[in-house]
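Presented below is the structure to which this report refers.
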Ligand code: PBG
């Protein structure tokens with residue numbers, strides 16, 4: 001393609017007024033692009049020390065929160081439980097009366113028009129804070145963990161989850177979960193696969209929120225991806241699609257925009273980005289120091305995910321962002 005030379009080409013022409021900038025914008029950012037992660041607790045409402053604008057929500061206030069989010073245009077909420085019973089065998093993950101399942105049901109009852117996304121992984125339930133069961137050598141036992149994840153996804157679907165999102169990074173989980181959902185009468189329950197999830201330092205406030213920070217022994221590098229790898233993310237994405245995922249996710253998102261772009265370009269299915277708790281904290285910390293304008297940072301960062309190819313974003317800033325862009 002040939003561009004006209006200056007002065008025929010003056011790229012500033014289209015930037016001169018707000019209507020024109022809007023008209024020429026290559027991507028949009030709307031509240032329906034956001035998935036809002038919520039930490040549910042049976043304890044009191046409490047701010048996170050490491051991410052103070054986020055509060056754990058008491059179960060009996062979840063419905064009210066969901067309706068408020070829906071009023072701002074948020075269509076999907078991702079649930080995470082705080083304070084579930086932990087054990088080496090993670091058996092509470094399979095209890096249909098656990099906090100997670102009650103929260104799913106509560107949310108569905110209070111705001112039936114809001115989609116419910118349930119995280120599938122054992123870290124809220126293990127004594128050691130890992131996403132799966134430990135083998136004798138201290139690594140996570142892939143195949144033993146699959147048995148639990150599969151059952152966990154089915155009880156979440158039974159409780160009313162619309163999307164189950166395996167965040168555990170075990171090999172083969174998507175196909176196992178898909179066939180278990182099909183054979184248990186949940187053929188229309190979606191799977192959003194955390195396909196490229198990295199062993200990152202950017203999950204700190206999340207681990208505080210679900211109470212796995214103190215519990216976690218070691219790190220997750222024998223199952224989450226190595227931050228040095230990009231091409232491997234394409235293999236993860238291809239496998240998840242082949243196994244029946246309806247949508248994919250890249251996580252973290254902000255520091256891994258290159259991965260997001262590559263996966264989004266290669267995937268015929270929608271790809272989502274997780275603006276992780278540590279990345280949210282980067283904005284909050286910088287804003288608190290006066291280094292940047294918090295509101296502009298939120299909108300700019302969320303726009304970057306859309307520009308890089310994300311269909312949507314899981315973000316703790318969903319409500320703030322919806323208010324900001326909603327006018
Ligand atoms: C657990 C899970 C994590 C996140 C989502 N699901 C943490 C981890 O893998 O240790 C991180 C979310 C965030 O930091 O916002 N499987």
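The values are calculated or read from the model by the stated rules, or taken from the named source; none is laboratory data. The model shown is predicted, which means the values in this text are computed figures rather than measured ones. Cβ coordinates were reconstructed from backbone atoms using ideal geometry, including for glycine residues, and neighbour counts include every protein chain displayed.
Would you say residue 153 is out of contact with any helix residue (DSSP H, G or I) (no Cβ under 8 Å at 6 or more places or on another chain), modelled with pLDDT of 95 or more and closer than 29 Å to residue 255 by Cβ? Spelling it out, it is not the case that residue 153 is out of contact with any helix residue (DSSP H, G or I) (no Cβ under 8 Å at 6 or more places or on another chain), modelled with pLDDT of 95 or more and closer than 29 Å to residue 255 by Cβ. Taking the stretch 236-259 as the range and being more than 13 Å from the ligand (Cβ to nearest atom) and assigned to a strand (DSSP E or B) as the test, the residues that pass are 247, 248.
Contact annotation: residue pairs with Cβ atoms under 7 Å, 6 or more positions apart or on different chains, pairing a residue in the stretch 124-147 that is within 16 Å of the ligand (Cβ to nearest atom) with a partner that is at pLDDT below 95 and not in a loop (DSSP other than H, G, I, E, B), are 124/210.
Do we find that residue 233 is closer than 23 Å to residue 133 by Cα and away from the ligand (no atom under 14 Å from the Cβ) in this structure? Criteria not met by residue 233.
Restricted to the stretch 269-295, and to residues that are out of contact with any helix residue (DSSP H, G or I) (no Cβ under 8 Å at 6 or more places or on another chain) and away from the ligand (no atom under 16 Å from the Cβ), which residue is nearest to residue 310 (Cα to Cα)? The extreme case among them is 270. Restricting attention to the stretch 293-303, the residues that are under 27 Å from residue 194 (Cα atoms) and either touching a strand residue (DSSP E or B) at 6+ places or on another chain (Cβ under 9 Å) or without any contact (Cβ under 8 Å) to a residue 24 or more places away in the chain (or both) total 5. So how many residues does the stretch 112-154 have that are under 20 Å from the mean Cα position of the chain (by Cα) and either in a loop (DSSP other than H, G, I, E, B) or under 19 Å from residue 175 (Cβ atoms) (or both)? Number satisfying all stated conditions: 19.
Quick one: in the stretch 87-103, of everything that is assigned to a helix (DSSP H, G or I) and away from the ligand (no atom under 16 Å from the Cβ), which residue is farthest from the chain's Cα centre (by Cα)? Step by step, filter the stretch 87-103, then rank; the result is 91. Remark: residue 266 falls outside the filter, which requires a residue to be within 16 Å of the ligand (Cβ to nearest atom), at pLDDT 95 or above and farther than 22 Å from residue 70 by Cα. In this structure, residue 117 does not qualify as within 16 Å of the ligand (Cβ to nearest atom) and in contact with a helix residue (DSSP H, G or I) (Cβ under 9 Å, 6 or more places away or on another chain). Scanning the stretch 255-270 for residues that are surrounded by 24 or more Cβ atoms within 10 Å (Cβ to Cβ) and free of Cβ contacts under 8 Å to residues at least 60 places away in the same chain gives a single hit, 260. A count restricted to the stretch 177-192 and to residues that are buried (at least 23 other Cβ atoms within 10 Å of the Cβ) and either within 8 Å of the ligand (Cβ to nearest atom) or over 18 Å from residue 93 (Cβ atoms) (or both) stands at 1.
A single member of 195, 200, 212 is within 14 Å of the ligand (Cβ to nearest atom) and in a strand (DSSP E or B), and it is 195.
Among the conditions (1) within 13 Å of residue 120 (Cβ to Cβ); (2) within 15 Å of the ligand (Cβ to nearest atom), residue 154 misses just one, which is (2). Residue 290 satisfies every condition listed in (1) on the phi > 0 side of the Ramachandran plot; (2) surrounded by 15 or more Cβ atoms within 10 Å (Cβ to Cβ); (3) without any contact (Cβ under 8 Å) to a residue 12 or more places away in the chain except (2). For the stretch 215-229, filtered to residues that are away from the ligand (no atom under 11 Å from the Cβ) and loosely packed, with under 15 Cβ neighbours inside 10 Å, the residue that is modelled with the lowest pLDDT is 217.
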